[in-house]
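The values are calculated or read from the model by the stated rules, or taken from the named source; none is laboratory data. Predicted model only: the values in this text are computed from it and were never measured. Methodologically, a virtual Cβ is constructed for each residue, glycine included, from the backbone with ideal geometry; neighbour enumeration extends over all protein chains shown.
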Amino acid sequence: QGGELEINHMFAAFSQKAGPLVLVGLLYLLGVIIVVIIAVVLVMIPIFAAIGISAADLNNVKSDELGIVTILLVILAGLIAVAISMPLIMAYWFAPALVVFHDLGPTDAMKQSFFGCLKNMMPFLLYGIVMLVAMVVATIPLMLGWLVLFPVILCTMYTSYRDVFLKR
């Protein structure tokens with residue numbers, strides 16, 4: 001607005017929209033918990049059935065069999081979690097900005113965010129691939145690259161919000 005940028009500008013949204021923003025965060029947290037539970041349940045049952053053991057018989061399994069099962073479990077759980085968390089991520093991506101800038105409620109903001117991402121699926125797919133590579137690179141030097149990557153992700157969230165919801 002032409003004035004000077006101050007530190008308290010970073011937290012201005014929390015002074016006006018704290019309740020809805022916290023609710024968006026809690027809905028996202030609840031979604032993440034549900035995704036993890038679903039992924040673990042969907043993976044544990046078939047793997048235990050495949051090697052013919054129950055949870056009580058886990059002590060009788062050879063360590064090399066358990067190692068292979070554990071690796072498969074982690075890979076499969078990760079893939080399932082990624083697949084079923086995509087709608088959740090899409091619902092969250094623009095929600096904070098929509099709450100702050102468009103005065104939407106948390107659930108309406110998450111719905112609008114989901115449909116905004118859905119309309120722009122291919123750009124978000126490309127963005128996701130690029131960010132996945134960037135995340136791996138940021139993690140390599142003792143995760144110090146995240147000090148740069150995290151602010152970049154926040155900036156790209158805002159610029160993508162402007163591109164999707166504030167088209168000129």
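Okay, here's what the table says:
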read-out: Among residues of the range 145-168, those that are surrounded by fewer than 11 Cβ atoms within 10 Å (Cβ to Cβ) and over 19 Å from the mean Cα position of the chain (by Cα), counted; value: 3
read-out: Residues of the range 1-43 satisfying the condition of being in contact (Cβ under 8 Å) with a residue 60 or more places away in the chain and among the hydroxyl-bearing types (Ser, Thr, Tyr); value: 28
read-out: Test: residue in the range 17-28 that is within 19 Å of residue 162 (Cα to Cα), at pLDDT 90 or above and of a type outside the set (Gly, Ala, Ser); value: yes
